[in-house]
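The values are calculated or read from the model by the stated rules, or taken from the named source; none is laboratory data. Everything numeric here is computed off the predicted structure, so don't read it as measured data. All Cβ positions, glycine included, derive from the backbone under ideal geometry; neighbour counts span all protein chains shown. For accessibility, only protein heavy atoms count, side chains too; no ligands or nucleic acids. Shrake-Rupley method; radii C 1.70, N 1.55, O 1.52, S 1.80 Å.
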Amino acid sequence: MELKVENYLDLTIDEVYDVITNVNLWPGNFDTNKKIKFLNKMIQYFIEKEEYEKCAKLQHKVDELENRK
């Protein structure tokens, strides 16, 4: 059962990654600080998975958001 839940979480995070990087769609209640915090948590997740290209794209999003502050 643990393996199925982990796979589901991986698929969900991958889907969120696609929405953020390709569509740039966010929940309405996410302000800039919340987006940055969320992206940083996703970066940590992908570091653990050794998916560094995704980390780089997410870091680029963080940099964009920080420059708009």
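Report relative contact order for the chain in percent, whole number only (criteria: Cα-Cα under 8 Å, sequence separation at least 6).
This gives 29 percent for the chain.
Gaussian network model of the chain, Cα springs within a sub-10 Å range: biggest mean-square fluctuation belongs to which of 39, 11, 58?
Maximum fluctuation in the GNM of the chain, among the listed residues, is at 11.
Could you work out the percent of alpha carbon pairs in the chain separated by over 20 Å, rounded to a whole number? Don't skip to the answer; put the middle values down first.
On the way: 667 of 2346 pairs.
More than 20 Å apart: 28 percent of the Cα pairs in the chain.
Holding the Cα-Cα limit at 21 Å, pick out from 49/69; 4/61; 41/61; 4/35; 4/54 the pairs that are longer than that.
49/69; 4/61; 4/35; 4/54
Rounded to the nearest percent, how much of the accessible area of the chain (1.4 Å probe, protein heavy atoms only) is carbon and sulfur?
Solvent-exposed carbon and sulfur of the chain make up 53 percent of the total.
Express the accessible area of the chain per residue in Å², computed with a 1.4 Å probe while the remaining protein chains stay in the model.
77 Å²
Using θ = phi - 60° and the Karplus curve 6.51 cos²θ - 1.76 cosθ + 1.60, what whole-Hz ³J(HN,Hα) does each residue of region 22-38 get, with Gly and Pro shown as x?
Whole-Hz 3J(HN,Hα) from phi for region 22-38: 9, 9, 6, 9, 10, x, x, 8, 8, 7, 4, 5, 5, 4, 4, 4, 5.
Just to confirm the filter: which chymotrypsin sites (Phe, Trp or Tyr not before Pro) across the chain are DSSP coil and have at most 16 other Cβ within 10 angstrom of their Cβ?
30
Read phi for every residue in region 8-14 and hand back ³J(HN,Hα) as whole Hz from Karplus 6.51 cos²θ - 1.76 cosθ + 1.60, θ = phi - 60°, with x for Gly and Pro.
Going residue by residue, I get 5, 5, 4, 5, 5, 5, 4 Hz, with x marking Gly and Pro.
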